[in-house]
Amino acid sequence: MAEDQRRTISRRDLLKGVGAAGAAAILPGKVDEGSAQPASPGAGTDPGRARSFAEVPRPRRLENLTADEADTLEAIMARLIPADDLGPGAVEAGALNYLDRALGGFLAGEREEYGLNLAALDRYCLSSRGAPFVELSTTDQDSVLIDLEGGSATGSGAGFTGSSASFFAMVKGHTWQGMFGDPYYGGNAGFIGWDLLRYPGVRLGVSAADQQRLEAGELLPERRSAYDSEMFEKATAMQRAQGGVEHGD
Amino acid sequence: MATRLPGTDVVVVGLGAAGGVAVLPLVDAGIEVIGLEAGTWLTRRDFAPDEIRNNVRDWPMAVQKANLEVPTTRATPDSPSFRGSSHPMMNAVGGTTLHYWAQAWRLNPWDFKVVSETTRRYGSSRLPAGTTVEDWPFDYDELEPYYDRIEYEIGVSGQAGNVAGNVDERGNRFEGLRAREYPMPPLRWTGFHERMADAARDLGWHPFPGPALINSQAYGDRAGCVYHGFCNSGGCHVDAKAGPHTTTIPRALETGRLTVITRAHVIGIDADRSGRATGVRYVVGSEEFIQPAQVVLLASYTYENVRLLRLASSHVYPNGFANNGGQVGRHYFSHHQGAPVSALFPFDISAWYGLPAQGVAVDDFADDNFDHSSLDFIGGGNLWAMSDRRPISAANGSTFGRAPSWGSEWKRYIHENADRSHGSYIQKTTLPYETNYLDLDPVERDPLGFPVLRVTAQYKQNELAIADFMQDRMEEWYRATGATEVSRGGLGNAMGLSTHAFGGTRMGDDPSANVVDRWGFAHEAPNLGILGASVMGTSGAHNPTLTVQALTWRTAEHLVKNWSSIAGG
């Protein structure tokens with residue numbers, strides 16, 4: 001793929017979201033450009049690459065979350081989809097950036113729920129494990145997340161707005177969106193999520209020959225956002241449910 | 001104060017799958033038509049392959065008039081009702097055909113004659129208790145020319161199985177006799193589809209590619225499918241998916257006799273003292289209009305067709321328009337598409353670039369294609385193995401008990417298996433029952449203050465028995481194809497809201513049991529036509545859209561041929 005085709009919306013968003021130094025280090029071009037590797041096995045299996053992601057300093061520019069909230073959420077995301085010997089995880093993919101931006105847009109209605117439940121989470125961690133979530137060992141963090149997921153933290157008096165399982169499902173759902181969604185929305189940096197799934201990327205058309213290449217494990221991944229194509233209207237992507245879309249007619 | 005507009009020949013309420021088709025035969029016959037559509041025009045530029053917007057955030061359905069009037073649902077008259085936040089259909093010129101799956105099935109001949117055929121073959125005692133099912137007022141052969149017309153007018157791809165009585169084993173050997181082939185060959189198969197088909201043949205079944213309202217090659221001025229994988233809940237960026245917005249409506253506009261009014265929310269149907277329809281009322285923004293017409297064609301979705309009739313009460317229709325017989329809202333049912341079966345394979349199935357209309361069908365257990373003598377149900381299901389996968393949904397898939405749902409272990413699992421799972425789609429015969437119906441909710445209202453619809457409906461024993469039987473067949477099929485894990489969902493209970501909602505304004509000769517006559521015009525108001533699956537009395541085991549469109553063309557043609565008697569009054 002030519003370099004100019006890589007100058008994409010997702011790259012610009014990445015720069016905005018994680019800072020120029022971080023973005024330069026984690027953009028796919030620096031890792032596997034021209035490596036022409038097949039879709040299977042995925043790029044994420046390279047442990048060297050995983051380290052390089054983990055080492056990236058990631059100055060944040062938060063739009064909606066507080067720094068404390070962001071720290072806790074990132075710690076949760078780091079356990080949900082960890083960076084490990086298989087490759088980078090949700091933190092490196094910028095799932096937090098996705099969520100932070102969405103909380104000022106489509107997910108604005110859930111902003112308050114995040115604040116209240118993150119506070120409840122820390123109260124729960126303090127009373128049951130003796131420290132806020134970010135200070136717990138990963139083993140304790142995992143056990144807390146299991147409590148949340150199973151709903152057993154609900155009646156703890158910590159003040160979850162509903163079932164702790166609902167809060168867990170909300171965070172997990174948004175983490176998955178930030179990890180595996182189109183990079184246009186600020187997550188899936190460097191196509192980390194799609195590589196993990198061995199998804200060969202968004203294409204505007206797939207010929208019978210492409211399909212055969214896919215089935216033979218020889219289809220090269222496309223690395224672009226849907227909105228890199230000029231033909232698609234970007235405004236419609238950012239509409240909020242309550243706002244109503246105004247289409248030209 | 002409502003503005004009274006100049007009259008027109010025909011006003012069509014809703015320009016979706018039905019209304020958007022009806023306009024063409026009318027304007028071609030010289031009839032002036034005004035089409036009222038609650039949504040707007042969308043274009044290819046709106047159809048980005050974007051899973052977050054299309055699938056996670058349910059765009060464009062999330063920003064729709066339909067979402068302001070979401071019906072409440074409950075299983076039985078004794079159970080509490082619930083109201084969700086999203087409507088299964090969308091508003092736009094072209095309606096839900098913009099993003100639907102576009103499977104283009106004809107009904108099986110048996111579906112038109114469920115009562116008489118069941119009685120003839122097994123005895124009348126085999127009709128399920130409490131069902132209100134009737135034979136249609138005509139048989140498959142009556143509708144065949146209209147199926148054919150739609151297949152060629154709009155464009156359907158597929159493999160015929162029975163052209164003029166010559167069975168072709170490449171197609172559906174159980175289909176009703178058709179006059180000619182499809183206008184286009186079927187959508188292509190992947191290697192996985194070939195495997196599934198081979199396994200089905202090994203089981204002694206008869207697999208074939210399903211028909212689609214999607215071009216498999218260029219058809220007229222529209223391109224062939226490009227298989228990009230975002231068809232499900234997404235619009236088509238090359239217009240390969242066929243809807244009225246790319247076919248019949250533009251052709252009708254060219255005549256100059258169709259006027260399309262968008263953002264028009266119809267709120268009422270007016271009647272004169274004899275009960276004839278005189279026109280409709282609608283609002284655009286905060287302005288209200290009265291559109292007089294000689295003929296009204298009601299072509300919104302099943303739920304809104306019924307709601308608009310029930311809301312339009314007057315001294316001549318105290319219980320709703322054309323409802324003096326008490327039939328508006330009765331004989332409701334929605335396709336049992338639930339009770340899913342899913343499987344995990346030990347190999348990639350390469351489903352990333354597919355579409356729900358691309359796949360392998362088995363009809364050996366649909367309708368009355370098999371002997372029910374020793375079974376405890378009538379009807380059956382269509383087994384459908386398609387290609388449909390996007391990254392977020394793939395990552396959210398079941399781990400079949402082989403891994404937790406997050407953490408490093410999950411990561412290893414999903415890296416290997418994201419493209420190795422498959423979910424079946426099994427549509428099952430669903431019947432109308434005495435205790436399943438639509439009416440107005442006594443509490444919930446839309447923002448204009450009108451009651452929303454209430455759905456009281458539950459799958460009964462016959463549907464659950466079919467579901468159980470079909471899950472066995474699907475598991476057999478998956479195992480024969482090499483699945484290492486198979487899991488099943490529950491058999492179903494409350495019907496909920498559906499994209500396949502039938503009945504409520506059923507078609508039939510007997511005015512005491514049906515709202516519209518055999519041509520689709522109301523028994524009580526002969527210049528009110530009703531279009532859509534709300535007139536269908538049975539569902540068969542296949543998607544309703546093609547049947548809806550065939551019925552629509554037939555109703556419009558009847559109107560053209562009988563214009564003076566219907567419109568004249």
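Quick notes
- Yes/no for residue B:264 being among the hydrophobic types (A, V, I, L, M, F, W, C) and under 25 Å from the mean Cα position of the chain (by Cα): yes
- Those strands (runs of 3 or more DSSP E) lying entirely in the range B:203-314 with at least 1 residues at positive phi and crowded, with 23+ Cβ neighbours inside 10 Å: B:277-284
- Any chance residue A:151 is in contact (Cβ under 8 Å) with a residue 24 or more places away in the chain, on the phi > 0 side of the Ramachandran plot and touching a helix residue (DSSP H, G or I) at 6+ places or on another chain (Cβ under 8 Å): no
- Set side by side, the residues B:301, B:282 differ, and just one is within 26 Å of residue B:384 (Cβ to Cβ) and touching a residue at least 40 places away in the same chain (Cβ under 8 Å), which is B:301.
- Scan of the range A:188-226 for residues that are touching a residue at least 40 places away in the same chain (Cβ under 8 Å) and on the phi > 0 side of the Ramachandran plot, ordered by number: A:188, A:190, A:191, A:198, A:217
- Condition met for residue B:470 (of a type outside the set (Val, Ile, Thr), farther than 30 Å from residue B:85 by Cβ and buried (at least 21 other Cβ atoms within 10 Å of the Cβ)): yes
- From B:161, B:235, residue being in contact with a strand residue (DSSP E or B) (Cβ under 8 Å, 6 or more places away or on another chain), at pLDDT below 95 and of a type outside the set (A, V, I, L, M, F, W, C): B:235
- Checklist (1) within 13 Å of chain A (Cβ to nearest Cβ); (2) over 30 Å from residue A:224 (Cβ atoms); (3) buried (at least 20 other Cβ atoms within 10 Å of the Cβ) applied to residue B:59, failing item: (2)
- Residue B:539 vs. criteria closer than 20 Å to residue B:109 by Cβ, in contact with a strand residue (DSSP E or B) (Cβ under 7 Å, 6 or more places away or on another chain) and buried (at least 19 other Cβ atoms within 10 Å of the Cβ): yes
- Within the range B:8-29, considering residues that are in contact with an Asp or Glu (Cβ under 9 Å, 6 or more places away or on another chain) and in a loop (DSSP other than H, G, I, E, B), the one surrounded by the most Cβ atoms within 10 Å (Cβ to Cβ): B:15
- Residue list for the range B:417-452, filter: crowded, with 17+ Cβ neighbours inside 10 Å and within 14 Å of another protein chain (Cβ to nearest Cβ): B:417, B:418, B:419, B:420, B:421
- Count of residues meeting criterion [more than 20 Å from residue B:38 (Cα to Cα), among the polar types (S, T, N, Q) and out of contact with any strand residue (DSSP E or B) (no Cβ under 9 Å at 6 or more places or on another chain)] in the range B:270-323: 4
- Scanning the range B:94-119 for residues that are assigned to a helix (DSSP H, G or I), crowded, with 22+ Cβ neighbours inside 10 Å and among the small types (Gly, Ala, Ser) gives a single hit, B:95.
- Scanning the range B:67-85 for residues that are more than 13 Å from chain A (Cβ to nearest Cβ) and not in a loop (DSSP other than H, G, I, E, B) gives B:69, B:72, B:73, B:74, B:82, B:83.
- Scope the range B:315-330; condition among the aliphatic types (A, V, I, L, M) and buried (at least 22 other Cβ atoms within 10 Å of the Cβ); matching residues: B:322, B:328
- Among (1) in contact with a Leu (Cβ under 9 Å, 6 or more places away or on another chain); (2) of a type outside the set (Phe, Trp, Tyr); (3) at pLDDT 95 or above - the single one residue B:327 does not satisfy: (1)
- Odd one out for residue B:289 among (1) in contact with a Ser or Thr (Cβ under 7 Å, 6 or more places away or on another chain); (2) within 14 Å of another protein chain (Cβ to nearest Cβ); (3) touching a residue at least 60 places away in the same chain (Cβ under 8 Å): (2)
- Among the residues making up the range A:79-100, those that are surrounded by 20 or more Cβ atoms within 10 Å (Cβ to Cβ), within 14 Å of chain B (Cβ to nearest Cβ) and among the aliphatic types (A, V, I, L, M) are A:80, A:81, A:83, A:90, A:91, A:93, A:95, A:99.
- Only one entry in B:33, B:23, B:56, B:10 is closer than 24 Å to residue B:222 by Cα and aliphatic (A, V, I, L, M), namely B:23.
- A single member of B:556, B:513 is in contact (Cβ under 8 Å) with a residue 12 or more places away in the chain, small (Gly, Ala, Ser) and not in a loop (DSSP other than H, G, I, E, B), and it is B:556.
- For the range B:40-55, the set of residues classified as touching a Gly at 6+ places or on another chain (Cβ under 7 Å) and either more than 7 Å from every other protein chain (Cβ to nearest Cβ) or part of a helix (DSSP H, G or I) (or both) consists of B:46, B:47, B:51, B:52, B:54, listed by residue number.
- Test result for residue A:129, surrounded by 15 or more Cβ atoms within 10 Å (Cβ to Cβ), among the basic types (Lys, Arg) and in contact (Cβ under 8 Å) with a residue 40 or more places away in the chain: no
- So residue A:121, is it surrounded by 17 or more Cβ atoms within 10 Å (Cβ to Cβ), under 16 Å from the mean Cα position of the chain (by Cα) and in contact (Cβ under 8 Å) with a residue 12 or more places away in the chain: no
- Residue tally, condition modelled with pLDDT of 95 or more and either within 14 Å of chain B (Cβ to nearest Cβ) or assigned to a helix (DSSP H, G or I) (or both), over the range A:48-78: 12
- Selection count where residues are crowded, with 23+ Cβ neighbours inside 10 Å, away from chain A (no Cβ under 14 Å) and under 25 Å from the mean Cα position of the chain (by Cα), scope the range B:340-357: 2
- Members of the range B:372-416 found to be away from every other protein chain (no Cβ under 14 Å) and free of Cβ contacts under 8 Å to residues at least 12 places away in the same chain, listed by number: B:374
- Residue B:200 being farther than 19 Å from residue B:102 by Cα and more than 14 Å from chain A (Cβ to nearest Cβ): yes
The values are calculated or read from the model by the stated rules, or taken from the named source; none is laboratory data. Remember, it's a predicted structure, so these values are computed and weren't measured experimentally. As a convention, Cβ positions derive from the backbone with ideal geometry for all residues, glycine included, and neighbour counts pool all protein chains shown.
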